[in-house]
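The values are calculated or read from the model by the stated rules, or taken from the named source; none is laboratory data. If you're wondering where the values come from, they're calculated on a predicted model, not measured in any experiment. All accessible areas refer to the heavy atoms of the entire protein, side chains included, with ligands and DNA or RNA removed. Shrake-Rupley method; radii C 1.70, N 1.55, O 1.52, S 1.80 Å.
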Amino acid sequence: MITLIVAVITVVFIGAYTAAQFAAAAKTLDVFFGVDPTIGALIAAASILVYCVTGGQALPF
């Protein structure tokens, strides 16, 4: 039972942290480039997805 409670708490806090990072990226794109925050969040999500799918910082050279 304690494992389930800890797992739920972890998911909630990591979800909140991730949402805050997307909001910050959207706000940054809004301030510097005038991009709508919703579009900015989508751009951030897409760039993070590409980064993760391609292996992160692992460069081919």
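Does the stretch 16-39 include one or more residues that are open to solvent by 70 Å² or more (accessible area, probe 1.4 Å) and of a type in the set (Asp, Glu)? Yes: the stretch 16-39 contains one or more residues that are open to solvent by 70 Å² or more (accessible area, probe 1.4 Å) and of a type in the set (Asp, Glu).
Here TYR51 does not qualify as modelled with pLDDT of 95 or more, hydroxyl-bearing (Ser, Thr, Tyr) and open to solvent by 90 Å² or more (accessible area, probe 1.4 Å).
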